[in-house]
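**Student:** Encoded as structure tokens, here's the structure I'll be asking about.
The values are calculated or read from the model by the stated rules, or taken from the named source; none is laboratory data. What you see is a predicted model; the values in this text were computed from it and never measured. Positions of Cβ are backbone-derived with ideal geometry, glycine not excepted, and every protein chain shown enters the neighbour counts. All accessible areas refer to the heavy atoms of the entire protein, side chains included, with ligands and DNA or RNA removed. Shrake-Rupley method; radii C 1.70, N 1.55, O 1.52, S 1.80 Å.
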Amino acid sequence: MRWFWDKYLPNESDAHRANACPSRAERLAGLSPASVLTAEFDPLRDEGEAYAEALQRAGVATERVRYDGQIHGFMLWPDRLPRVATRRGRG
């Protein structure tokens, strides 16, 4: 993951900016409603779900949906991956 992070933000000082990594924002209250979609076998799943929880704690209307049996980027290949068998959503 470090390799990907370095490609995303080559300047390490940018890593603490909220527009680069919203989960690091000091304040989440007042943001627009959000939908956070995660995939069961995505290495970023836990981070995405933690962000959704932080939004909810801040009072932001947040829909959380985990697609079980799926990998990162599964929505990019609808014709190559099996249909999503299980969708686990939490408001």
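**Student:** State whether one or more residues within the range 57-66 are part of a helix (DSSP H, G or I) and either open to solvent by 30 Å² or more (accessible area, probe 1.4 Å) or touching a Pro at 6+ places or on another chain (Cβ under 8 Å) (or both).
**Tutor:** Within the range 57-66, one or more residues are part of a helix (DSSP H, G or I) and either open to solvent by 30 Å² or more (accessible area, probe 1.4 Å) or touching a Pro at 6+ places or on another chain (Cβ under 8 Å) (or both).
**Student:** I'd like the full set of residues that are in contact with a Phe, Trp or Tyr (Cβ under 7 Å, 6 or more places away or on another chain) and in a loop (DSSP other than H, G, I, E, B), limited to the range 11-37.
**Tutor:** Hits for the range 11-37: nothing passes.
**Student:** Between residues in the range 2-17 that are free of Cβ contacts under 8 Å to residues at least 40 places away in the same chain and surrounded by 10 or more Cβ atoms within 10 Å (Cβ to Cβ) and residues that are part of a helix (DSSP H, G or I) and not acidic (D, E), which pairs lie under 7 Å by C-beta distance while being six or more apart or on different chains?
**Tutor:** Close Cβ pairs (under 7 Å, with a partner that is part of a helix (DSSP H, G or I) and not acidic (D, E)) amount to L9/A15; H16/R24.
**Student:** Taking the range 36-56 only, how many residues are touching a residue at least 12 places away in the same chain (Cβ under 8 Å) and either open to solvent by 80 Å² or more (accessible area, probe 1.4 Å) or not small (G, A, S) (or both)?
**Tutor:** Qualifying residue count, the range 36-56: 13.
**Student:** Does the range 38-56 hold any residues that are in contact with a Phe, Trp or Tyr (Cβ under 8 Å, 6 or more places away or on another chain) and either of a type in the set (A, V, I, L, M) or not in a loop (DSSP other than H, G, I, E, B) (or both), and which are they?
**Tutor:** Answer for the range 38-56, where residues must be in contact with a Phe, Trp or Tyr (Cβ under 8 Å, 6 or more places away or on another chain) and either of a type in the set (A, V, I, L, M) or not in a loop (DSSP other than H, G, I, E, B) (or both): T38, A39.
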